[in-house]
Amino acid sequence: MTRIDIPQVRKVVTAIPGPRSQEVLKRRADAVSAGLGLSFPIVVERAGGGIIVDIDGNSIIDMGAGIAVVNVGNSAERVVNAVQEQVEAFTHTCFTVAPYLSYIEVCEALNRITPGRHKKKSMLANSGAEALENAIKIARHYTGRQAVVVFEHSFHGRTNLTMGMTAKNMPYKEGFGPFAPEIYRMPMAYPLRWPGGPKVCEEEALEYVLHKIEKEIDLKNLAAIVIEPIQGEGGFIVPPKGFLPGLSAFAAKHGIVFIADEVQTGFARTGHMFACEEENVIPDIITTAKGIGGGLPISGITGRAEIMDSSHGSGLGGTFGGNPLACVAALATIATIEEDHLIERANTLGKVISNSLYAMKEKYPIIAEVRGRGAMQALEFVIPGGNEPHPTALSTIVKFCQDNGVLILSAGTYNNVIRLLPPLVISEDLLRDALDILDKAIASV
Ligand code: PLZ
């Protein structure tokens, strides 16, 4: 919990945005690049637990956690204490200039908590995209190969390389090219939308993808296969059982580095510390960000020691990577997850969420599928009677939730997915209240 007391109840006292937020949002429009999106039009004053309080005095239920970042809640007590202590000691020396203990401890923690008991090493960076950039650098250096396999519906970031790795053109790529070469996109095992449906997907997808990789790239050219174990921005797409283990075994057999992008799925979100654990997949490299820092910007690249050690000294780095404030926040976050049993908590919340979402699916034919795991679940909306995406339903639902003080995020290649990513410290009452509003929102369509 936060040190300041924020009542854990939804309270809407103005239209959203309220008058004070509207004033500040005018300044935002005047001062801030129009290229930046705006999902929920309020101006935040403070936040903690499952509540965001805006400057108009509205208490909003947070079903997004800053896009799966504040899994331990906003301004979580251990995080605040650690950062306050650190900020007074020193703020920055650059780890590759003059090192400090907390960076090393974060690497030790990552090596310990990521899947697999083999010898691992880590490095730290600032964002998810930067973690992916470094993972690809390392995999290419280690293998001496260039090609990288990514998947349909993937999201890996907004830098040049990671834009190229990301699937969706609008809004992420349109007009921002040219993109880096040697990125090969494979079909995603997306059960709902696989030709022939989920059963065919389970039977065919892996073999189909492996065949395409062999024929279109050739194994001797392939450095890495990169996949989100549950795709985040793509709409919480969960591949069928066997797909991830199959890819990982194929990679191991052919000296390809298997990279799990756990930027969105990591840190207790899915009811495991990492989503790969569901099928006992052990990635060669795992990229982490978002949930690791309790809200401070930090990311990690963790992998087999021989891979992580393969590049020459000073080949990897960056001014801010593993900043001391972010490192102590990460240590406090990991301690909070472990000591407060947030993995079990994600499963408990997950049951509340799936009970409620499956009940909605019974009632509303626009819901094609409930999917995800733990505190990472989604609804995909279609025009009833078929599989045609229903994006207008989504905008109506998001607006209804907004008007009623519930922050809910959308996702999906077809803009037709609602995704739930509450902080893992949200109370069950608050969660049920948000799900109740979501139910009413869908009924309103
Ligand atoms: N990999 C799996 O989900 C970030 C993007 C928000 P950064 N997803 C949220 C937006 O609109 O840009 C993400 C992800 C996965 C990588 C990233 C990139 O992480 O920290 O945003 O760079």
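Hey, which of these cross-link pairs are over 30 Å Cα-Cα: Lys121/Lys168; Lys120/Lys199; Lys212/Lys361; Lys119/Lys351; Lys215/Lys241; Lys119/Lys220?
Too far apart for the 30 Å limit: Lys121/Lys168; Lys120/Lys199; Lys212/Lys361; Lys119/Lys351.
Put +1 on the Cβ of every Lys and Arg and -1 on every Asp and Glu Cβ in the chain; which of Ser314, Val149, Asn415 then has its Cα farthest towards the positive end of the dipole?
Among Ser314, Val149, Asn415, the one farthest towards the positive end of the dipole of the chain is Val149.
Under a crude label model (7 Å from the Cα following the beta-carbon direction), how far is Asn355 from Val87 in nanometres?
About 4.1 nm, to one decimal.
What accessible area, in Å² to the nearest ten, does a 1.4 Å probe give for Thr159?
Counting only protein heavy atoms, the figure is 50 Å².
Rg over Rh of the chain, using C-alpha atoms and the Kirkwood radius, what does it come to?
Values: Rg = 21.4 Å, Rh = 22.4 Å.
Using only Cα positions, Rg/Rh for the chain is 0.96.
Only sites in a loop by DSSP and with at most 13 other Cβ atoms within 10 Å count here; which GluC sites (Glu not before Pro) in the stretch 125-201 make the cut?
Listed in order of number, the matching sites are Glu174.
Compute the FRET efficiency between Lys363 and Lys212 as 1/(1 + (r/R0)^6), taking r as their Cβ-Cβ distance and R0 = 56 Å, and round to the nearest 0.05.
Efficiency, from the Cβ-Cβ distance: 0.90.
Divide by every residue of the chain the summed helix terms, -39500 (n - 2.57) for each DSSP H run of at least 4, and state the resulting mean residue ellipticity at 222 nm, rounded to the nearest 500 deg cm²/dmol.
Computed ellipticity for the chain at 222 nm equals -12000 deg cm²/dmol.
Placing unit charges on C-beta atoms (Lys and Arg positive, Asp and Glu negative, everything else neutral), compute the dipole magnitude of the stretch 79-339 about its Cα centre in debye, rounded to 20. Spell out each step's value before the answer.
On the way: 22 positive and 28 negative charges, 96 e Å.
That gives a dipole near 460 debye.
Give me the net charge for the shell around Gln86: Cβ to Cβ below 14 angstrom, other residues only, Lys and Arg +1, Asp and Glu -1.
Details: positive: Arg78; negative: Glu85, Glu88, Glu105.
Counting the neighbours of Gln86, the net charge comes to -2.
Sorted from largest to smallest, which semi-axis lengths in Å does the alpha carbon gyration tensor of the stretch 293-335 give for its equivalent ellipsoid, taking the root of 5 times each eigenvalue? Could you put the intermediate results ahead of the total?
Details: eigenvalues 109, 35, 9 Å².
Whole-Å semi-axes of the equivalent ellipsoid: 23, 13, 7.
Please compute the Kirkwood hydrodynamic radius over the stretch 79-339, one decimal place, Å, based on all pairs of different Cα atoms.
On the way: mean 1/r = 0.0535 Å⁻¹.
About 18.7 Å for the stretch 79-339.
Stretched out fully, how many nm does the piece from Asp5 to Phe179 gain, at 0.36 nm a residue minus the Cα gap?
Length difference between fully extended and current span is 57.9 nm.
What is the Cα centroid distance between the stretch 304-349 and the stretch 253-294, reported in whole angstrom?
Between the Cα centres of the stretch 304-349 and the stretch 253-294 lies a distance of 12 Å.
Counting only protein heavy atoms, what percent of the accessible surface of the chain is carbon or sulfur at a 1.4 Å probe? Before the final figure, lay out the partial values.
Working: 9790 of 18330 Å².
Solvent-exposed carbon and sulfur of the chain make up 53 percent of the total.
Hey, rough spin-label estimate for Leu25 and Ile113, points 7 angstrom out along Cα→Cβ, what's it come to in nanometres?
For Leu25 paired with Ile113, the spin-label model returns 3.5 nm.
Looking at the chain, identify the longest residue range that excludes and avoids all trypsin sites (Lys or Arg not before Pro) in DSSP loops having at most 12 other Cβ atoms within 10 Å.
242-445
What number comes out for accessible area per residue over the chain if the probe is 1.4 Å? Units Å², please.
41
Just to be sure I understand the rule: take each whole DSSP H helix in the chain, project its Cα atoms onto its long axis, keep it if the span is 20 Å or more and its mean Kyte-Doolittle hydropathy is at least 1.0. Which ones pass?
Result, helices passing both filters: 324-339.
Multiply the residue gap between Val13 and Tyr172 by 0.36 nm, knock off their C-alpha separation, and tell me the result in nm, one decimal place.
My answer for the length gained is 53.7 nm.
Can you give the net charge of the other residues whose Cβ lies under 13 Å from the Cβ of Asp433, counting K and R as +1 and D and E as -1?
Numbers: positive: Arg10, Lys11, Arg432, Lys440; negative: Asp62, Glu428, Asp429, Asp436, Asp439.
It works out to a net charge of -1.
The values are calculated or read from the model by the stated rules, or taken from the named source; none is laboratory data. As the structure is a computational prediction, the values presented were derived from the model and not from experiment. Positions of Cβ are backbone-derived with ideal geometry, glycine not excepted, and every protein chain shown enters the neighbour counts. For the accessible areas, the whole protein counts, side chains as well, though only heavy atoms, and no ligand, DNA or RNA atoms are used. Shrake-Rupley method; radii C 1.70, N 1.55, O 1.52, S 1.80 Å.
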